[in-house]
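Written below as structure tokens is the structure these notes are about.
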């Protein structure tokens, strides 16, 4: 079935749609592709129900819905599902859900008795709603791709960060993962920057007791680049900064693809010894969550290039780096 389309035949028109999650990113992608966004009304009834009406003909079209399921997660997810259903019922030939940020991704396995695997549930909902294909960036866990029974193109934001960091002057830099689970991501960036690698091993010494953090690797006297997929409350990243400073790190920078920045995140970042936090616009960083220490890079060219290649049935594999 070429391209994951419903009928396996060549598609004609490319149309982009967006909900209310991140319309700025969607517009940037449209500008990159030299086209306009499709017209659709995505609103709410007075009781909070989502209402969607597609305002143009999509019959036989190759449709991409750009909608990260970012906070407010349940609303943006429901917008996505209703939009997919509307497009399916309007006879779009192929529908690709573009998820720069995949909400519920951290619930990807059972870590306690009688808890759900919500990342799988969300995958099922998106598929049933009408998606033929998924385009995502930096999923929290790679195995989430296997939760879908439709094609998934999983992009990485590493090239965006690499272009930014390669222009900086470093004093014997080291790339650090704030936990063992992110070592593979950090290793990929360290390899391309030509730096050494370290990671932080976090352990609990008892119930309700503070975490003890051990640094595996040499950071003393070096510039540190902390690499993570997301920053939520910034607890992990700021604890890592404290431990790195104690170990003799020189300057500390951080990068993350998804700036969730909930709760006290911005206050913690501002109060920490971190020099700069480099994030992308998979999630919009509004004024309430902004900081002089936060630099936002755009993933619009990366997503725009992927959308163009998918539409033209060309290879996307060169973007998987």
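Give me 70, 256 sorted ascending by neighbouring Cβ count inside 10 Å, so fewest comes first.
In increasing order of surrounding Cβ atoms, one gets 70, 256.
Please report the spacing between the Cα centers of region 260-321 and region 73-108 in Å, no decimals.
Region 260-321 and region 73-108 have Cα centres spaced 20 Å from each other.
Which value, in Å³ per residue, describes the convex hull spanned by the Cα atoms of region 116-246?
Considering the Cα atoms of region 116-246, their hull volume per residue is 134 Å³.
Quote the relative contact order of region 60-151 in percent (integer), defining contacts as alpha-carbon pairs under 8 Å separated by 6+ residues.
Normalised by residue count, the contact order of region 60-151 is 31 percent.
If you fit an axis through the alpha-carbon atoms of helix 73-89 and take the longest principal axis of the Cα set of the chain, what angle between them do you get, 0 to 90°, nearest 10?
On a 0 to 90 degree scale, this one is about 30.
Take residue 46 and residue 150, extend 7 Å from each Cα along the Cα→Cβ direction, and tell me the distance between the two endpoints in nm.
3.5
Listed highest first by mean packing, meaning other Cβ atoms within 10 Å per residue, what order do 90-99, 20-29, 308-317 come in?
Descending mean neighbour count gives 90-99, 20-29, 308-317.
For the chain, take the alpha-carbon Rg, divide it by the Kirkwood Rh, and send me Rg/Rh.
Here Rg/Rh amounts to 0.99.
Could you compute the FRET efficiency for residue 319 and residue 163, with r as their C-beta to C-beta distance and R0 at 22 Å, rounded to 0.05?
Rounded to the nearest 0.05, the efficiency is 0.95.
Rg/Rh for region 163-321: what does it come to with C-alpha atoms and Rh from Kirkwood?
1.00
So what is the relative contact order for the chain, in percent, with contacts set as C-alpha pairs under 8 Å and at least six apart?
The value is 14 percent.
Compute the length gained on full extension between residue 125 and residue 270: take 0.36 nm times their separation in residues and subtract their Cα-Cα distance, giving the result in nm to one decimal.
48.4 nm
So how do 83, 230 line up by other beta-carbon neighbours within 10 Å, fewest first?
230, 83
Enumerate the whole-percent occupancy of each 5 Å bin, from 0 to the last occupied one, for all C-alpha pair distances of region 28-122.
3, 12, 19, 21, 19, 14, 7, 4, 2, 1, 0
Please work out how much length the chain gains when fully extended from residue 112 to residue 39, using 0.36 nm per residue of separation minus the C-alpha to C-alpha distance, in nm with one decimal.
Difference between extended and current length: 21.9 nm.
Once the Cα gyration tensor of region 260-321 is found, what semi-axes does its equivalent ellipsoid get, as square roots of 5 times the eigenvalues, in whole Å, sorted largest first?
After scaling each eigenvalue by five and taking roots: 33, 12, 8 Å.
How far, in degrees from 0 to 90, does helix 23-33 lean away from the longest principal axis of the Cα atoms of the chain, to the nearest 10?
70
The numbers here are math on the coordinates, done by the rules we state, and not lab data. If you're wondering where the values come from, they're calculated on a predicted model, not measured in any experiment. Cβ atoms come from the backbone with ideal geometry, glycine included; neighbour counts cover every protein chain shown.
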